[in-house]
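Participant: My structure is below; once you've seen it, I'll send some questions.
The values are calculated or read from the model by the stated rules, or taken from the named source; none is laboratory data. Predicted, not measured: the structure shown is a model, and the values here were computed from it. Cβ atoms come from the backbone with ideal geometry, glycine included; neighbour counts cover every protein chain shown. Just so you know, the surface numbers come from the protein's heavy atoms only, side chains and all, with ligands and any DNA or RNA stripped out. Shrake-Rupley method; radii C 1.70, N 1.55, O 1.52, S 1.80 Å.
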Amino acid sequence: YKNLGFKDDALAILSALTTGVKDVLSDDIRETYSIAGVSHILALSGLHIGLIYGFMLLLLIPLWKRIPSTQPYSICFIIATLWLYAIFTGLSTSVVRSTFMFSVHAIALLREERPATIHILMLTAFGMLLYNPLSIFDVSFQLSFTAVASILILQPIISAMLPQPSNGIIKKMKDIMTVSIAAQVGTAPLVILYFHRFSTHFLLSNLLVLPIITIIIYGAVFMLMLTPFAELQQWVADGINGMISLLNGALLQLT
């Protein structure tokens, strides 16, 4: 990243988003993202694992449809890749939780009947607590599982209370809003208890941040794949640098 011209806040944010390394994040950036209610994006979580999982499914599903016998091997490859990424990034609580859940979901693709996501969440919590019962006292464990449980339980209720848009883009925005509201409402007691703070900007911030973060993460993967093509790689790096600057500037305006 340094060789491609990333430095200061851009280097810190890209490192946090893709590798989980947060040592170079400045206090100002941490404070800005916290006030905006999007500090969760600086920690590797289900968002990052989900993007990798979705990308791999996008690549492999056409192969399954053409050659069905390759599906079990593809599932094993996806699971192995997710766990290698989790190990590479340090096996944080949120990454282990999401990797475990997506692994179970991948295995479930081999069956006609799909398990309920809340059951997968409960199985994941049981497995992690079986390995280390003291995890239940870890703040990351509590926030991670509370956020996902809140989304699974509260999001459908909140969504049903709002009008159902026919436009696809508006529907996506509504989904982002309801997921964000559910997660914030569910984790608010813990956030107030441990951090003595509750963001009032979270709804607008997440609508703005999530599309940009998705572009940055996928762009970073594409950038690394272009390593043999130095000039093209540098163009992509410049674009990612610009997206990070846009993100930081927008959050600074909000806060």
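Participant: Could you tell me the center-to-center distance, by alpha carbons, between the range 151-211 and the range 24-44 in angstrom?
Facilitator: Cα centroid to Cα centroid, the span is 18 Å.
Participant: How high is the relative contact order of the chain, in percent, with contacts defined as C-alpha pairs under 8 Å that are six or more residues apart? Can you show the working numbers first?
Facilitator: Values: 223 pairs, mean separation 58.0, N = 255.
Taking the mean separation of contacting Cα pairs over the length of the chain, I get 23 percent.
Participant: Calculate what fraction, in whole %, of the accessible area of the range 131-200 sits on carbon and sulfur atoms when a 1.4 Å probe is rolled over the protein chains.
Facilitator: Values: 3280 of 4500 Å².
It is 73 percent, rounded to a whole number.
Participant: Identify all lysines with a Cα-Cα distance to residue 22 below 23 Å; exclude those on the same chain that are fewer than 8 residues away in sequence.
Facilitator: Straight-distance partners of residue 22: 2, 7.
Participant: Quote the convex hull volume per residue of the range 151-228, based on C-alpha atoms, as a whole number of Å³.
Facilitator: Numbers: hull volume 10.1 nm³, N = 78.
Dividing the Cα hull volume of the range 151-228 by its residue count gives 130 Å³.
Participant: If you consider only alpha-carbon coordinates, what radius of gyration and Dmax does the chain have, in Å?
Facilitator: 18.9, 54
Participant: Okay, moving on. Just how many % of Cα pairs in the range 1-127 lie over 19 Å apart, if you round to the nearest whole percent? Don't jump to the answer; show the numbers that get you there.
Facilitator: Values: 4552 of 8001 pairs.
Tail fraction, whole percent: 57.
Participant: Kirkwood Rh and Cα-based Rg: tell me the resulting Rg over Rh for the range 60-122, rounded to two decimals.
Facilitator: Values: Rg = 12.9 Å, Rh = 12.6 Å.
That ratio equals 1.02.
Participant: Just subtract the alpha-carbon distance of residue 117 and residue 71 from 0.36 nm times their residue separation and send over the number in nm, one decimal. Walk me through the intermediate numbers first.
Facilitator: Values: separation 46, 0.36 × 46 = 16.56 nm, distance 2.15 nm.
This chain segment gains 14.4 nm when fully extended.
Participant: Further question on the same structure: Using the 2.2 N^0.38 Å rule of thumb for compact globular proteins, work out how the range 130-185 stacks up: its C-alpha Rg over that value, please.
Facilitator: Values: Rg = 14.9 Å, N = 56, 2.2 N^0.38 = 10.2 Å.
Against the empirical 2.2 N^0.38 Å value, I get 1.46 for the range 130-185.
Participant: Percent relative contact order of the range 159-253, based on C-alpha pairs within less than 8 angstrom and at least six residues apart? Don't skip to the end; give the middle numbers.
Facilitator: Details: 38 pairs, mean separation 19.8, N = 95.
With pairs under 8 Å counted, the relative contact order is 21 percent.
Participant: May I ask you to give the solvent-accessible area per residue for the chain, in square angstrom, as obtained with a 1.4 angstrom probe? Before the final figure, lay out the partial values.
Facilitator: Numbers: 14360 Å² over 255 residues.
Here the per-residue accessible area is 56 Å².
Participant: Give the calculated FRET efficiency between residue 169 and residue 130 to the nearest 0.05, with a Förster radius of 45 Å applied to their Cβ-Cβ distance.
Facilitator: Values: r = 43 Å, r/R0 = 0.96.
According to the calculation, E is roughly 0.55.
Participant: Could you give each residue of the range 143-148 its phi-based ³J(HN,Hα) in whole Hz, using Karplus coefficients 6.51, -1.76, 1.60 with θ = phi - 60°, and x for Gly or Pro?
Facilitator: With coefficients 6.51, -1.76 and 1.60, one gets 5, 4, 6, 5, 4, 5 Hz.
Participant: Let me make sure I get this right: for the range 94-235, a, b and c are the square roots of the gyration tensor eigenvalues over alpha carbons, sorted descending. Under 1.5 in a/c it's rounded, otherwise prolate if a/b > b/c, else oblate. Which is it? Intermediate results must be reported in sequence, preceding the final value.
Facilitator: Values: a/c = 1.40, a/b = 1.17, b/c = 1.19.
Note, shape of the range 94-235 comes out rounded.
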